[in-house]
Every structure is written in C-alpha cells, then in structure tokens.
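*Asks:* Mind having a look at this structure? Questions to follow.
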Amino acid sequence: MTPRTQKILCDLEDRALAPYAVHAGALEGRHYPETPHPYRTEFQRDRDRILHSQAFRRLEYKTQVFLSTTGDHLRNRLTHTIEVAGIARTIARSLGLNEDLTEAIALAHDLGHTPFGHAGERTLHSLMAGYGGFDHNLQAIRVVDLLETKYPAYDGLNLTWEVRSGLVKHRSQLHPVMLDGRALDPAPILEAQVADLADDLTYYGHDVDDGLDAGILTEDMMNEVAIWRMASEETKSLGLKRGDDKFVTYTVRALINRMVGDAIETSARLIESSGVASPADAPAKGLTLIAWSQEFQVLTSELRTFLYENLYFSQELKKLNQLSQERMSFLFDTFVAHPELAGSQIRRRMDVDGIHRAVTDYIAGMTDVFAICEYHRLK
Ligand code: MG
C-alpha cells in the first residue's frame with residue numbers, strides 16, 4: 001500500500017469533520033512558516049512537539065493536589081493531563097470536532113503550572129504583584145513560545161495559532177485579550193472549549209478518587225454530594241455494596257462517565273440550536289457551546305464547592321501548602337538577589353524580560369522535587 005500522506009489525511013479529515021470544526025488543511029498557521037510534514041497534519045505535529053518538550057516531561061513531578069510522590073496511586077500533573085487528553089478526545093470525536101487539535105490543547109493545558117500546585121501559583125502571583133503578576137494559562141504560552149528551546153532559528157516550539165490561542169482560556173467581550181498584538185475572539189474555538197470542560201470534569205472525578213485514597217475524604221462525606229449518590233446508585237444496581245473494594249472505584253468511574261455523557265449530549269444540542277456553520281462562528285459570537293445541562297451544572301458545582309471545602313482547603317493540605325509557600329518565597333528572593341546561583345536560562349532571559357520575570361519563568365518551570373532540592377541546597 002502507499003502510505004497516507006499529509007494531503008490524504010487532510011482530505012479524510014475534511015470528509016469526517018463537522019463544518020464547525022477546525023480543519024488542519026485550512027489553518028492560520030505558524031509564526032515562522034514551515035514546509036508541511038509528509039505524514040502528519042499540522043495539529044499532529046503540534047501534539048508531538050508538546051509531547052517531546054521538556055516542560056511536558058516535568059509534569060510528572062509536579063503536584064496536582066497532593067504533593068508529588070506522596071502516594072503510589074495519586075495523580076500528578078502528567079497523569080492528570082493524560083486523562084484530560086483521553087476524555088477531551090472522546091468528546092471531540094463524538095461531536096465531529098478536530099480530535100488532534102483538541103488533544104494538542106489538552107496536552108499543553110497545564111504546561112504553565114508551578115511546582116506545589118495552586119499554593120505555588122498563588123505565592124508566585126503575589127511575589128510578582130509589582131511586575132505583572134503570574135497566571136498559569138499565560139505561562140503556558142510563554143513555555144511554548146519562548147522557554148522551550150530546540151529549533152536553530154527561533155525560541156519556542158512554533159506551534160500553530162489555533163493551539164496557542166486555544167491555551168488562552170479566559171476571554172472577555174469588553175476587554176479583548178491580546179495575543180501577538182491581535183485581539184482574541186470573545187470565546188475560544190470549540191476544540192479549546194472541549195479541552196477546558198474535560199479539564200474540570202477530569203479533576204472533579206480523580207480528586208474524589210485521590211481524596212478517598214488518601215483518607216482525607218470518606219464515603220460518608222461523599223454521600224452528602226448529590227452527584228456522588230447518583231453515581232453510587234449505578235454501582236449498587238450492579239450488586240456492589242458499600243465497603244466492597246470495588247464500590248468506590250466503580251462509583252468514580254460511573255461519576256466520570258455520567259459527566260462525559262451529559263457534556264456530549266448537551267453540547268450536541270447547543271451546537272445544533274446555535275446554527276454555527278464554520279469554526280469561526282462560535283468564537284466570534286462569544287458562544288460557549290461545550291457545556292453541561294442545567295441539571296449537571298448544578299450537580300458539578302455542588303461537587304466543586306465540596307472539594308474546595310473538604311479537600312483543597314483541608315487541614316491536612318493547609319500545612320503542606322504553607323510549607324510550599326515558604327519554600328517558593330525563599331527561592332524567589334534568593335534567585336532575584338543572586339541570579340548566578342540559577343541555571344543559564346535565567347541569565348539569558350534576564351536581559352530581555354528583567355530579573356523578576358526571568359526568575360519567575362525559572363521557578364515556575366521547576367518540579368516539586370527540584371524545587372525542594374534547590375531549597376535545601378541554598379538554605
Ligand atoms: Mg488541568
């Protein structure tokens with residue numbers, strides 16, 4: 001047989017994808033023009049560039065909720081990201097959207113995260129208060145545009161506009177967000193909306209799982225939450241009883257499956273009734289079409305509030321978060337005062353972005369493990 005070339009793959013896509021999907025054959029392209037790859041579409045290339053980046057590998061030793069390496073089964077940012085990508089692909093495919101593009105955005109969505117999870121991000125944001133602050137979504141853009149260095153002619157991965165703009169989640173009708181000096185549409189493309197919803201949905205599911213595994217959450221506590229009771233009915237209908245080993249794990253599975261099912265059915269209805277006919281329609285009109293039903297919005301926001309109160313801000317995690325804050329502040333102050341103690345990248349970026357931003361890039365890129373080692377080395 002003759003291999004399927006990039007051109008054939010694009011033709012297949014044109015036939016398979018919905019009219020409102022972004023087609024790899026009709027994209028806005030890259031900042032630095034490149035010749036097409038013989039066997040991969042542009043979004044496949046972007047996905048692979050992200051997979052092969054250093055920042056992607058570092059996700060393995062970054063905290064999701066629990067400090068990296070504290071438990072055998074607990075998620076870290078890498079396993080979280082892989083789960084997000086899997087769920088995002090399912091949703092994208094079922095809606096006729098571009099699966100490769102969705103996957104690329106999902107794989108890159110957490111590249112801007114600091115060590116020590118949200119405690120780390122909050123600390124860095126307050127340390128940077130006088131210098132433009134810190135936001136993990138914008139940091140993801142810095143990572144793929146500047147901080148990954150591989151290609152001889154430029155810094156960054158030279159990803160497509162579609163993937164890069166898809167990483168900018170927060171949009172506004174009143175004050176357009178700028179990228180490359182260009183105002184972004186009031187809503188992201190549908191593929192980016194899928195990655196965003198898949199992110200929320202995935203962490204709701206696995207944080208319940210991890211919280212139960214770590215013993216911070218209990219089944220009795222979970223029974224206060226309506227969507228958990230709903231999912232556990234399904235487990236009971238299969239003959240499993242509370243206390244069975246498989247009861248919790250199957251209920252988590254049922255919980256995720258229901259959230260995905262509702263998202264697919266609701267989004268399909270919203271897409272249909274909106275009448276969008278091209279990939280530019282929903283973004284230009286500021287439409288969010290990838291969403292849960294009213295019922296599941298209520299159910300998932302109850303779960304989210306529950307997780308904030310009982311897991312993310314639990315006493316157990318509070319102590320750890322405080323320690324993380326101290327370590328991060330120490331590293332920041334030390335490197336600002338003594339950039340010669342940091343890696344060569346800081347010194348390269350210092351001249352362009354100033355010392356504070358260069359130190360922030362350096363610290364934000366660290367894994368939990370490396371940040372702790374650096375703290376002990378310098379303290
Ligand atoms: Mg995430």
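*Asks:* Return the only residue of ARG30, ARG15 being more than 16 Å from the ligand (Cβ to nearest atom), basic (Lys, Arg) and closer than 24 Å to LEU184 by Cβ. So that I can check it myself, show each step before the final result.
*Replies:* Values: ARG15 fails: closer than 24 Å to LEU184 by Cβ.
On inspection, the qualifying residue turns out to be ARG30.
*Asks:* Now for a different question. Out of segment 161-176, which residues are out of contact with any helix residue (DSSP H, G or I) (no Cβ under 9 Å at 6 or more places or on another chain), free of Cβ contacts under 8 Å to residues at least 60 places away in the same chain and among the hydrophobic types (A, V, I, L, M, F, W, C)? Don't jump to the end; show me each part of the working.
*Replies:* The initial filter retains those residues of segment 161-176 that are out of contact with any helix residue (DSSP H, G or I) (no Cβ under 9 Å at 6 or more places or on another chain), namely 161, 172-176.
Retained after the next criterion (residues that are free of Cβ contacts under 8 Å to residues at least 60 places away in the same chain): 172, 174-176.
Hit for segment 161-176 is LEU174, nothing else.
*Asks:* On to the next question. Looking only at residues in segment 333-373 that are part of a helix (DSSP H, G or I) and among the small types (Gly, Ala, Ser), which one is surrounded by the fewest Cβ atoms within 10 Å (Cβ to Cβ)? Break it down stepwise before answering.
*Replies:* So in segment 333-373, the residues part of a helix (DSSP H, G or I) come out as 333-337, 339-341, 344-353, 355-365, 368-373.
Applying the additional criterion that residues be among the small types (Gly, Ala, Ser) yields 337, 344, 358, 364-365, 371.
Details: ALA337: 11, SER344: 7, ALA358: 22, ALA364: 24, GLY365: 25, ALA371: 23.
The selected residue is SER344.
*Asks:* Output yes when any residue across segment 301-310 is farther than 26 Å from THR218 by Cβ and of a type outside the set (Lys, Arg), and no when none is.
*Replies:* Initially, segment 301-310 is screened for residues farther than 26 Å from THR218 by Cβ, giving none.
Taking every residue of segment 301-310 in turn, none turns out to be farther than 26 Å from THR218 by Cβ and of a type outside the set (Lys, Arg).
*Asks:* For the list (1) surrounded by 14 or more Cβ atoms within 10 Å (Cβ to Cβ); (2) outside any helix (DSSP H, G or I), I need the number of the one condition that ASP210 fails.
*Replies:* All conditions pass for ASP210, except number (2).
*Asks:* Here is a further query. Could you tell me which residue of segment 138-180 is nearest to ALA192 (Cα to Cα), considering only residues that are β-branched (Val, Ile, Thr) and in a loop (DSSP other than H, G, I, E, B)? Even if it seems obvious, please write down each step before you answer.
*Replies:* Residues of segment 138-180 that are β-branched (Val, Ile, Thr), as a first pass: 141, 143-144, 149, 160, 163, 168, 177.
If we keep only those that are in a loop (DSSP other than H, G, I, E, B) as well, we get 149, 168, 177.
Working: THR149: 25, VAL168: 9, VAL177: 16 Å.
In this case the residue turns out to be VAL168.
*Asks:* A follow-up question, please. Would you check which residues across segment 183-203 are within 11 Å of the ligand (Cβ to nearest atom) and not acidic (Asp, Glu) and list them? Walk me through it before giving the result.
*Replies:* At the first step, the residues of segment 183-203 found to be within 11 Å of the ligand (Cβ to nearest atom) are 195-196, 198-203.
Of everything in segment 183-203, those that are within 11 Å of the ligand (Cβ to nearest atom) and not acidic (Asp, Glu) turn out to be ALA195, ALA198, LEU201, THR202, TYR203.
*Asks:* Return the residues of segment 107-137 that are over 19 Å from PHE313 (Cα atoms), part of a helix (DSSP H, G or I) and more than 12 Å from the chain's Cα centre (by Cα); say none if nothing qualifies.
*Replies:* Answer for segment 107-137, where residues must be over 19 Å from PHE313 (Cα atoms), part of a helix (DSSP H, G or I) and more than 12 Å from the chain's Cα centre (by Cα): LEU127, ALA129, GLY130, TYR131.
*Asks:* Of all residues in segment 238-279, which are part of a loop (DSSP other than H, G, I, E, B) and without any contact (Cβ under 8 Å) to a residue 24 or more places away in the chain? Write out each step before concluding.
*Replies:* Within segment 238-279, the subset part of a loop (DSSP other than H, G, I, E, B) is 238-244, 275-279.
The answer is LEU238, GLY239, LEU240, LYS241, ARG242, GLY243, ASP244, GLY275.
*Asks:* Could I ask something else about it? Which one is modelled with the lowest pLDDT, of the residues in segment 167-215 that are over 16 Å from LEU289 (Cβ atoms) and of a type in the set (Val, Ile, Thr)?
*Replies:* VAL177
*Asks:* Determine whether segment 113-127 contains at least one residue that is surrounded by fewer than 24 Cβ atoms within 10 Å (Cβ to Cβ) and aromatic (Phe, Trp, Tyr).
*Replies:* No, the conditions are met nowhere in segment 113-127.
*Asks:* Could I ask something else about it? Would you point out the residue of segment 213-237, among those that are in contact with a Phe, Trp or Tyr (Cβ under 8 Å, 6 or more places away or on another chain) and part of a loop (DSSP other than H, G, I, E, B), that is surrounded by the most Cβ atoms within 10 Å (Cβ to Cβ)?
*Replies:* Step by step, filter segment 213-237, then rank; the result is VAL225.
*Asks:* Any residue that is free of Cβ contacts under 8 Å to residues at least 12 places away in the same chain and either charged (D, E, K, R) or touching a Ser or Thr at 6+ places or on another chain (Cβ under 7 Å) (or both) - is there at least one of those in segment 184-197? Don't jump to the end; show me each part of the working.
*Replies:* Step one: list which residues in segment 184-197 are free of Cβ contacts under 8 Å to residues at least 12 places away in the same chain, which gives none.
No, every residue in segment 184-197 fails to be free of Cβ contacts under 8 Å to residues at least 12 places away in the same chain and either charged (D, E, K, R) or touching a Ser or Thr at 6+ places or on another chain (Cβ under 7 Å) (or both).
*Asks:* Looking only at segment 13-57, how many residues end up being outside any loop (DSSP other than H, G, I, E, B) and in contact with a Phe, Trp or Tyr (Cβ under 8 Å, 6 or more places away or on another chain)?
*Replies:* Start the filter on segment 13-57 by keeping residues that are outside any loop (DSSP other than H, G, I, E, B), which leaves 13-16, 24-26, 30, 42-51, 54-57.
When the remaining residues are screened for being in contact with a Phe, Trp or Tyr (Cβ under 8 Å, 6 or more places away or on another chain), the result is 24, 30, 50.
So the count comes out to 3.
*Asks:* May I pose another question? Would you check if there is a residue in segment 63-83 being in contact with an Asp or Glu (Cβ under 9 Å, 6 or more places away or on another chain) and closer than 26 Å to SER278 by Cα?
*Replies:* no
*Asks:* When residues of segment 55-90 are filtered for being within 15 Å of the ligand (Cβ to nearest atom) and more than 20 Å from MET366 (Cα to Cα), how many remain?
*Replies:* Total satisfying the criteria: 6.
The values are calculated or read from the model by the stated rules, or taken from the named source; none is laboratory data. No experiment lies behind these values; they were computed from the predicted model shown. Here the Cβ is made from the backbone with ideal geometry for all residues, glycine too, and neighbour counts use every protein chain on show.
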